[in-house]
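The values are calculated or read from the model by the stated rules, or taken from the named source; none is laboratory data. Just so you know, these numbers come straight off a predicted model, no measurement behind them. Here Cβ is always computed from backbone atoms with ideal geometry, including for glycine, and neighbour counts include all displayed protein chains.
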Amino acid sequence: MIARHFRFATACMLAFGIVACATVQTTAPGAVGIERKQRMLVSEEEVEKGAQSAYAEEVQKAGTEGKLNSNPELTARVRRVAQRLIPATATFRPDAPNWKWEINTLQTDDMNAYAMPGGKIMVYSGLVTKLQLNDAELAAVIGHEISHALREHTRERVSRAYAQQLALAGIAAVTGAGAGTVDLANQVASVTFQLPHSREQESEADIMGLELMARGGYDPHAAISVWQKMMAAQQGGSPQFLSTHPSPGNRIAELQARIPKVMPLYEAAPRKG
């Protein structure tokens, strides 16, 4: 951990005059108390542009293959659940409900879901059908993914990758070019589809996701059952979702410990069926 902080600090010094190195508080703590500050080497705007490009490419590819929103019933269901969670994002970020949200489904046997920066959501049909997710469990998954976007975990991971790049290559490799030398669309795609989140980021997404689903009127206990299903599926063949979402043994225990904190929010939320 100390070595990682040293590399980041070194990169900040190398980047002085080229890109801004900032320590930021991306979200309000909410009822669950997420207060960790994050260090960023790339701007929110740059990462969102990269995400828009990467997401548009995925959508276009899915459309060309006839896999985009090809199950209208599933797509409508995913959008209905997501739309109940989006207003609750204001608890953590007042600007988030006004993001240009895009919510789509991909017809595939793969088990995955993601939310790119700026609210670009994709849910794979295999995740819902193979795990037989009910709406509350689906809300747990979508709330988890939305939380990654709220906390700007992609920006944080791209910043760490960029810091390593700066530290290894030295300032000469990026002189005069700044963060623009990084293909942010490819970086966003890489961290979304290939690289696992850190345990710290996963814990934040789990905890924030509980609050989002509770405020949306979904029983937070469903977060336990969905991860139990995930782990059972992992034993049967390690689904793609868990390849980018590491599942430590204490994950369910942590969720169980946090549920009492958000139950009053669930009990106060209007029931919408």
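Structural remarks
- The numbered conditions (1) without any contact (Cβ under 8 Å) to a residue 40 or more places away in the chain; (2) in a helix (DSSP H, G or I); (3) buried (at least 21 other Cβ atoms within 10 Å of the Cβ) are all true for Pro97 except (3).
- Boolean, Met213 is at pLDDT 95 or above and within 15 Å of Ala113 (Cβ to Cβ): yes
- Number of positions in region 254-273 that are assigned to a loop (DSSP other than H, G, I, E, B) and either hydroxyl-bearing (Ser, Thr, Tyr) or on the phi > 0 side of the Ramachandran plot (or both): 1
- Top-ranked residue of region 54-86 - restricted to ones that are assigned to a helix (DSSP H, G or I) and charged (D, E, K, R), ranked as surrounded by the most Cβ atoms within 10 Å (Cβ to Cβ): Arg84
- Thr23 fulfils the conditions (1) among the polar types (S, T, N, Q); (2) crowded, with 16+ Cβ neighbours inside 10 Å; (3) farther than 24 Å from Leu210 by Cβ except for a single criterion, (2).
- Against the conditions (1) part of a helix (DSSP H, G or I); (2) over 11 Å from the mean Cα position of the chain (by Cα); (3) buried (at least 24 other Cβ atoms within 10 Å of the Cβ); (4) at pLDDT 95 or above, Ala136 satisfies every one except (3).
- Of all residues in region 100-123 being in contact with a strand residue (DSSP E or B) (Cβ under 6 Å, 6 or more places away or on another chain), in contact (Cβ under 8 Å) with a residue 60 or more places away in the chain and not in a strand (DSSP E or B), the one that is surrounded by the most Cβ atoms within 10 Å (Cβ to Cβ): Asn112
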